[in-house]
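S.K.: My questions will all concern the structure given below.
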Ligand code: ADP
């Protein structure tokens, strides 16, 4: 096992729950290359595309994703933060995209943590409702929406683990982390997983290269 603190260049950490379900942390990586059943888009409420991971997903998936997003908007209006909807993956390897809207960070005392936790929970619930078995998350809200990744990472992980406990189909969740700073933040949480707000048993394997 290699110490992650000083040598995070590229890593995989796998956490396995007693049920056999896994949560993987991988990077640096581009979520648009993922082959899980679904990938998650950190969208904005308009669902009409944007920069960051949103732009990359629409570019990679092609116009079919935007066409479905437009239909959803005409049905429900804009998507509130903390909720999620599903579309095709278009040309992506992943069959589906789950679009969720993270909170815009405004100092941390405006309910941001609860909204961010809801994004992860709702995506897993929606994936489960569609009998999907695997999905990949980016670090929602930590780009343009300004959520400090050191605060966002433990929320992302705890809320994912909690949601997995009550899932029937989702058995594998991946965090696909785009840059070194984000990798380090997740690695730090996984170095002291006892700090997580999660009490069920699990085991952790780490591989670093
Ligand atoms: P938000 O508006 O929710 O902050 P961003 O897309 O600006 O969304 O950033 C969210 C995270 O997604 C950031 O950590 C950013 O580095 C990362 N990101 C950007 N492009 C990709 C990609 N192709 N794959 C995975 N993560 C990405």
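The values are calculated or read from the model by the stated rules, or taken from the named source; none is laboratory data. In this text the structure is predicted, and so the values were computed from the model without any measurement. Glycine gets a Cβ as well: all are built from the backbone with ideal geometry, and neighbour counts include every protein chain shown.
S.K.: Condition (residue is buried (at least 21 other Cβ atoms within 10 Å of the Cβ), more than 16 Å from the ligand (Cβ to nearest atom) and in contact (Cβ under 8 Å) with a residue 60 or more places away in the chain) applied to the range 125-142: is it met by at least one residue?
M.R.: Of all residues in the range 125-142, those buried (at least 21 other Cβ atoms within 10 Å of the Cβ) come to 126-127, 132, 135-142.
Restricting the remaining residues to those that are more than 16 Å from the ligand (Cβ to nearest atom) gives 126-127, 132.
Adding the requirement that they be in contact (Cβ under 8 Å) with a residue 60 or more places away in the chain leaves 127, 132.
Scanning the range 125-142, I find at least one residue that is buried (at least 21 other Cβ atoms within 10 Å of the Cβ), more than 16 Å from the ligand (Cβ to nearest atom) and in contact (Cβ under 8 Å) with a residue 60 or more places away in the chain, so the answer is yes.
S.K.: Can I ask one more? Every residue in the range 103-124 that is more than 12 Å from the ligand (Cβ to nearest atom) and surrounded by 15 or more Cβ atoms within 10 Å (Cβ to Cβ), please.
M.R.: Filtering the range 103-124 down to residues more than 12 Å from the ligand (Cβ to nearest atom) leaves 106-111, 113-114, 117-118, 120-124.
113, 117, 118, 120, 121, 122, 123, 124 - these are the residues of the range 103-124 that are more than 12 Å from the ligand (Cβ to nearest atom) and surrounded by 15 or more Cβ atoms within 10 Å (Cβ to Cβ).
S.K.: Something else: Within the bounds of the range 183-205, is there any residue that is assigned to a helix (DSSP H, G or I) and exposed (fewer than 14 other Cβ atoms within 10 Å of the Cβ)? Break it down stepwise before answering.
M.R.: The first filter runs over the range 183-205 and keeps only residues assigned to a helix (DSSP H, G or I), leaving 183-191, 193-195.
Add one more test, that the residue is exposed (fewer than 14 other Cβ atoms within 10 Å of the Cβ), and what stays is 194-195.
Yes: the range 183-205 contains one or more residues that are assigned to a helix (DSSP H, G or I) and exposed (fewer than 14 other Cβ atoms within 10 Å of the Cβ).
S.K.: Got at least one residue in the range 63-81 being within 11 Å of the ligand (Cβ to nearest atom), over 18 Å from residue 132 (Cβ atoms) and at pLDDT 95 or above?
M.R.: Going residue by residue through the range 63-81, those that are within 11 Å of the ligand (Cβ to nearest atom) are 81.
Now drop any that are not over 18 Å from residue 132 (Cβ atoms), which leaves 81.
Now restrict to residues that are at pLDDT 95 or above: 81.
Yes; the residues of the range 63-81 include at least one that is within 11 Å of the ligand (Cβ to nearest atom), over 18 Å from residue 132 (Cβ atoms) and at pLDDT 95 or above.
S.K.: Filter the range 38-59 down to the residues that are more than 8 Å from the ligand (Cβ to nearest atom) and free of Cβ contacts under 8 Å to residues at least 40 places away in the same chain and list them by number.
M.R.: Passing the criteria: 46, 48, 49, 58, 59.
S.K.: Please state which one of 39, 31, 72, 65 is more than 13 Å from the chain's Cα centre (by Cα) and crowded, with 22+ Cβ neighbours inside 10 Å. So that I can check it myself, show each step before the final result.
M.R.: Details: 39 fails: more than 13 Å from the chain's Cα centre (by Cα); 31 fails: more than 13 Å from the chain's Cα centre (by Cα); 72 fails: crowded, with 22+ Cβ neighbours inside 10 Å.
Checking each option against the conditions leaves just 65.
S.K.: Still on this structure, please answer the following. Before we move on, is residue 100 surrounded by 16 or more Cβ atoms within 10 Å (Cβ to Cβ) and over 16 Å from the mean Cα position of the chain (by Cα)?
M.R.: Details: surrounded by 16 or more Cβ atoms within 10 Å (Cβ to Cβ): yes; over 16 Å from the mean Cα position of the chain (by Cα): no.
Taking the combined requirement at face value, the residue does not satisfy it.
S.K.: Do we have any residue at all in the range 159-175 that's within 15 Å of the chain's Cα centre (by Cα), more than 9 Å from the ligand (Cβ to nearest atom) and in a loop (DSSP other than H, G, I, E, B)? Can you show your working first?
M.R.: Step one: list which residues in the range 159-175 are within 15 Å of the chain's Cα centre (by Cα), which gives 159-164, 170-175.
Next cut, more than 9 Å from the ligand (Cβ to nearest atom) only: 159-164, 170-175.
Now drop any that are not in a loop (DSSP other than H, G, I, E, B), which leaves 170-171.
So far as the range 159-175 goes, yes, one or more of its residues are within 15 Å of the chain's Cα centre (by Cα), more than 9 Å from the ligand (Cβ to nearest atom) and in a loop (DSSP other than H, G, I, E, B).
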